[in-house]
1. Output the number of the condition that Asn600 fails; it satisfies all remaining conditions of (1) open to solvent by 10 Å² or more (accessible area, probe 1.4 Å); (2) out of contact with any strand residue (DSSP E or B) (no Cβ under 8 Å at 6 or more places or on another chain).
2. With Leu486, Leu471 as the choices, which residue is open to solvent by less than 30 Å² (accessible area, probe 1.4 Å) and under 27 Å from Asn817 (Cα atoms)?
3. Restricting attention to the stretch 474-483, which residues are in contact with a Leu (Cβ under 8 Å, 6 or more places away or on another chain) and open to solvent by less than 70 Å² (accessible area, probe 1.4 Å)?
4. Take Ser140 and decide whether it is within 47 Å of the chain's Cα centre (by Cα), of a type in the set (Ser, Thr, Tyr), under 30 Å from Gly59 (Cβ atoms) and surrounded by 18 or more Cβ atoms within 10 Å (Cβ to Cβ).
5. Taking the options Ile687, Ile718, Ile722, name whichever one is at pLDDT 85 or above, outside any helix (DSSP H, G or I) and on the phi < 0 side of the Ramachandran plot.
6. Go through the stretch 845-854 and count every residue that is under 29 Å from Gly514 (Cα atoms) and either buried (at least 18 other Cβ atoms within 10 Å of the Cβ) or of a type in the set (Gly, Ala, Ser) (or both).
7. In this structure, does Ala857 turn out to be modelled with pLDDT of 85 or more and open to solvent by less than 30 Å² (accessible area, probe 1.4 Å)?
8. Which residue out of Lys541, Lys537 is at pLDDT 85 or above, open to solvent by 30 Å² or more (accessible area, probe 1.4 Å), more than 30 Å from Arg759 (Cα to Cα) and in a helix (DSSP H, G or I)?
Amino acid sequence: MDQYIVTGMTCAACQSHVEKAVAKVEGVESVSVSLLTNSMSVTGNATKEAVIHAVEAAGYGAQPKGAEKKKVSAGERLAAEEDALKDRETPKLLKRLGASVVVLFLLMYITMGHNMWGWPVPSALEHNHMGLAVTQLILSVIVMFINRAFFISGFRSTIHGAPNMDTLVALGSGVSFGWSLYILYKMTWLLTTGTSNADLMPIYHNQLYFESAAMIPALITVGKTLEALSKGRTTDALKNLMKMAPKTAVVIRDQVEVTVDIDEVAMGDVFVVRPGESIPVDGVIIEGSSAVDESALTGESIPVDKGVEDTVSAATMNQSGFIKARAVRVGEDTTFSQIIQMVSDAAATKAPIARIADKVSGIFVPAVIVIAAIVAGIWLMGGSSLAFALERAISVLVISCPCALGLATPVAIMVGNGMGAKNGILFKTSETLENAGKVQIVALDKTGTITAGKPEVTDIIAEQGIREEDLMRYAYSLEKMSEHPLAGAVVAYGDAKNMEAWKVSQFAAMSGNGLKGMIEGSRIVGGSYSFISGRSKVSEKLAEAAEALSEQGKTPLFFEKDGQVLGMIAVADVIKEDSAQAIRELKHMGIEVVMLTGDNERTARAIGREAGVDRVIAGVLPDGKEAVIRRLQTRGNVAMVGDGINDAPALTRANTGIAIGAGTDVAIDSADVVLMNSRLSDVSAAIRLSRATLRNIHENLFWAFAYNVILIPMAAGIYAGIQMNPMWGAAAMSLSSFTVCMNALRLNLFQLHRADKDRPLRKRALPETEKNAQTGITQIESGEIEAQTETIQEDAGAAKMQKTVNIEGMMCVHCENRVKKALEALEGVEHATASHEAGTAVLEVNEKFDADAVKEAVEANDYTFVSIK
């Protein structure tokens, strides 16, 4: 996608004309023009020269936004982006406005102060209607010259066959001036025929419109200035992000600290950051520790503690300690640069709802000109004077405002995107921001999204007569020798409690069944319930507790000392702190929540029940997730939330893909929305922001359409007894765009995480029970919806057989996933469901199945192959 800066656009009609002109260029696939940012994005293989020529032929100017990426540094690109957003219009408009006001004051002093209220004027002009008329002529010419941009743009666009808002202003002001000039010549001719100065008074008072000719462009300039100021504020979030970008870095070169430009930092460079300094690029800490303020990325004001091997990101602030880090991402590849690019690209795209206004804007100005001509003709045919008919036509011309239509959507989108970026929610396109609020079903990946993604110790139950501290210390010492994921949970718990490990000798891992070792002269053994109960007697109370914990999706680990059971430690992948609340918020918004996971049904059911989801779908492969999303889309608009590579197909398939920011690059690239905070509660916040933005757009469009529908007839004199002066029409026009911009800025006050005002888009109800024979998806409806577990099996279209492999040594969910992954990698195995409780792996196989390969795969992963049938 190529981006350009477009100059000379003044209203929605200009935007529409530029789009149409560029769309005709050979090789252009799509084009989107933003009146708000004066930018244009073009996709296709058309040359830049052809695109620029098309814009210039349409009467506007264009230039590429920066240089080609391969020729420009990150700093230069950022400067180009910042330059593109720079407000160049407001200073010019303020100068024009200041000069106009001074001259206009003199003009209005005569037309209103002297003529209506008798304010004094120089004696040469006292009772000199011709002198006063000529003075008005001179002052109005000066005001029109100061605001000549309206006339130049208006007539130029008309010549190119695309009249715009400036055309209406130029026509309104020009017709007023032309008529007044005609009346001035008429007054001159009357004087030559002997008409007295007193007899000229009615003509002077009733038929001169020099003040309207000057007031119209001056008032429109007031509106343009207010509009420019408010438009500038809508891009504040993006401009503030750019200002936060680091400009220099302190790197170590030849053992010496050197300050270099940010673009000179290369991958692998070691840089240092002192307290109070901004981190220049993405890196990994190799020395030191600190509290880092990551609010620039996540919106979170609470600093995050960082130590050796932790990652740090560009533009975050080092608050307390001295750190030394190695650069891993530099230039355009840093997280911060990608955020800026994402927000900038989103601003350059167009939301589908904007097409309504675009279609209207494209024909609006010609239609208004025709309406004004018809209005003048009708009044003349009705017997009104030419002056009155022209006054009505001029009022119609100057009160009509296509700008409000053109700005209604982009200003709200820009503010909404900025609000999201400030809170760590990044929408990749304007269409995504619009569509996120229409979500009806949210599918959540379990691991890393609902849960933390790593096992933790949840329960410690010691056998009678054994202290928990002793149980934990024996377990900690033994598990410290293991590399199993569950061992990591026990070790992490012990580290957090500052435990001291005993020395372990004769350590051995027993083919997936458990661990053993000598500690303080005693043989300590750890393993699953089935393994330990086969060696030692487990009390009924402990066995019942283990069963209850297993029902909750937890994995009990038993430990014994010299044949005596010490107790049990339960480990589980626990749900995140905010998951249950986030899911409640989604359900309160009228959204059905579905959990997808590759785990076994028992674990999935327990997690789903605790999280409070509506439905649980277990045993799903990556392509199975994509298939489930496809099925769910037949019932409504679906959002998929995930963080792993295996979620990428589903994220792409969903109407809205939402990636957790701490996830993989593949997931983030596949998603439409990126949550930098990695909090599930930000899913509801993103939907809430989208709905608020869409509501704001609807308000803006309503105002823009209603304004024209109500005031154009009023200007035409249709409403009985109401006759609008062209000056008041110009004033109303000048305020319409300003009103739209100010309404959009209200979004800056929106509270993303406030859930008490949420309302469902539709009645929240699941369909009646029906079972799809092909997918196995069951949908239920009940007064209190409970999690229902389903197993998805996709029909590959080939004949399938089922094989059951008996395996010893699986102890937990992680063992199941390891076996499952190994078996599904084999040719001929289409799907595998492993269960550590049953000690089996059920396979769906085709004619290429090889039993010997299965045996080798199981044993290669340190489990015991027993049989296959």
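The values are calculated or read from the model by the stated rules, or taken from the named source; none is laboratory data. Since the structure is predicted, the reported quantities are computational estimates derived from the model, not experimental observations. Positions of Cβ are generated from backbone atoms using ideal geometry, with glycine treated the same way; all protein chains shown enter the neighbour counts. Heavy atoms of the whole protein, side chains included, go into the accessibility calculation; ligands, DNA and RNA do not. Shrake-Rupley method; radii C 1.70, N 1.55, O 1.52, S 1.80 Å.
1. Unmet condition: (2).
2. Checking each option against the conditions leaves just Leu486.
3. Tyr474, Ala475, Leu478, Glu479, Ser482
4. no
5. Ile718
6. The number of residues fulfilling the criteria is 3.
7. For Ala857, the condition - modelled with pLDDT of 85 or more and open to solvent by less than 30 Å² (accessible area, probe 1.4 Å) - is met.
8. Lys541
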